[in-house]
1. Return the residues of the stretch 12-31 that are among the β-branched types (Val, Ile, Thr), touching a Ser or Thr at 6+ places or on another chain (Cβ under 7 Å) and within 11 Å of the ligand (Cβ to nearest atom); say none if nothing qualifies.
2. Could you grab me the full set of residues in the stretch 288-312 that are open to solvent by less than 40 Å² (accessible area, probe 1.4 Å), modelled with pLDDT of 90 or more and either within 16 Å of the ligand (Cβ to nearest atom) or not charged (D, E, K, R) (or both)?
3. If you take the residues of the stretch 345-369 that are of a type in the set (Phe, Trp, Tyr) and surrounded by fewer than 15 Cβ atoms within 10 Å (Cβ to Cβ), which of them is farthest from Phe407 (Cα to Cα)?
4. Given the structure, is Pro70 surrounded by 22 or more Cβ atoms within 10 Å (Cβ to Cβ) and within 16 Å of the ligand (Cβ to nearest atom)?
5. Out of all the residues in the stretch 199-209, is one or more within 18 Å of the chain's Cα centre (by Cα) and not basic (Lys, Arg)?
6. Does Ser256 fit the bill of being touching a residue at least 12 places away in the same chain (Cβ under 8 Å), among the polar types (S, T, N, Q) and under 30 Å from Tyr172 (Cα atoms)?
7. Could you grab me the full set of residues in the stretch 255-287 that are open to solvent by 10 Å² or more (accessible area, probe 1.4 Å), of a type in the set (Ser, Thr, Tyr) and over 15 Å from Asp77 (Cα atoms)?
8. Looking at the stretch 313-344, which of the residues that are in contact (Cβ under 8 Å) with a residue 40 or more places away in the chain, under 30 Å from Phe81 (Cβ atoms) and part of a loop (DSSP other than H, G, I, E, B) is most open to solvent (accessible area, probe 1.4 Å)?
Amino acid sequence: MTEQLVAIHPEGYSSNSCVYCQKSSSDSSVTVGMYPSRMSCLFYQAIIDRGWVRSGEYCYKPDMRRTCCPQYTIRLDVGEFSPSRGQRKAVHRWNRYVSLGKKNGGSAETSNGANPSKRKKTTTSSSPFSLVKSLHAAEASSVIENSTTYRFEVTIEPSSMSDEKFELYSKYQADVHRDFDQTKSKFQAFLVNSPLEYSPIPYTKEPPDYLPSNYGTYHQLYHLDGKLIAMSILDILPFCVASTYFIYDTAYERFSLGTLSALREAALVKEIQEHGAMEMKYLYMGYYVPASRKMRYKGDFSPSYLLDPEQYSWHLLKPLVPMFDKYRYVSFANPVHSLEGHDMPVLEPPPEISDDDASEIWTWYEYDDWKPLKDSVYWEEPSQELTLLRTIEYLGVDLAKKSSFMFSE
Ligand SMILES: [Zn+2]
């Protein structure tokens, strides 16, 4: 039985400086964290539906009521999604560029011998916009060989390390974040490593080769004439594609590659579902941070929904936006619990758990020394007890019962 449990190394409560508001204080961003191992995709799906997120092998969840910039889990309902005019234009603009070359493909530039009339006709302005078809339209696999100016390929592969990925990441960090101090090990820890276990996607129709066969952590790679120009880090889970990070070559900044990647991820959800994995419905776009202007583009994907930080129910984003002007922290399910800017509640101790529950939650101390929480050595150490109770509070008792806990040395 213990074999099926997710092994969790709890890290407890921690505070850091905030990346969203750049507050000078080093403890304004507060989270609870853990290192899980042997984590099934279904378990990860369950914790992101409680507001957790992963960064490499580390998972954390903000203390929403006390952190300076609350981070709400945001998801797009792909079945209801229809791309905005701007989003459709971004797709066409990129396809024209791939097909015709420079100047955004604005003029019929055929100096490379490319003949646009040879392209397979997939969409026209008079036909309705098909997200999946339009996104594939300029790919090398969809066009007649050498009929486009550039060879454009999008592939998806299990997360792994390579020199070209590291080079793209280093350039991105330098150009976008002015961070010139990258190493392969940092890149590996942040964007390659993952605690997720691969498990088969239950397709009922034979999927095309370019769709992944398993749930798990993937890199989606964008190559132009053989050069890696962008990469998404994706977790493919039972109900969603969860977008973890996106890096790109800033030489292509004008093409809104971030928007194109989100559209492509929405299309991936659609295609996986269309091949029989019926539960696949959503694109999770990470956190929506009202305090951060950079995050607002996520709201342009409509209809998107935010996770309520108290009831873990989903609420349509659009009508909520005015509330973020008034409150620092908002509960959509319990609006009276919302808090204004400086209204900072004290940190309450985590709730106690019943003896019954404590007899169904497992800990292990050394190899094979399994004990229910109530008999655990950790229970005798107040700081470990506090960390365990806090982690159980953030996971919820039901998920805690599917976990086994151990403190890292
Ligand atoms: Zn902040």
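The values are calculated or read from the model by the stated rules, or taken from the named source; none is laboratory data. Note that the coordinates shown come from a computational prediction; the quantities given were computed from them, not determined experimentally. We place every Cβ from the backbone using ideal geometry, glycine too, and count neighbours over all the protein chains shown. For the accessible areas, the whole protein counts, side chains as well, though only heavy atoms, and no ligand, DNA or RNA atoms are used. Shrake-Rupley method; radii C 1.70, N 1.55, O 1.52, S 1.80 Å.
1. If the condition is that a residue be among the β-branched types (Val, Ile, Thr), touching a Ser or Thr at 6+ places or on another chain (Cβ under 7 Å) and within 11 Å of the ligand (Cβ to nearest atom), then Val30 is the only one that fits.
2. The answer is Tyr288, Val289, Pro290, Phe301, Pro303, Ser304, Leu306, Leu307, Pro309.
3. By that ranking, first place goes to Tyr367.
4. Considered against the rule, which asks whether it is surrounded by 22 or more Cβ atoms within 10 Å (Cβ to Cβ) and within 16 Å of the ligand (Cβ to nearest atom), Pro70 comes out as yes.
5. no
6. Judged against the criteria, Ser256 is a match.
7. Ser256, Thr259, Tyr287
8. Step by step, filter the stretch 313-344, then rank; the result is Arg328.
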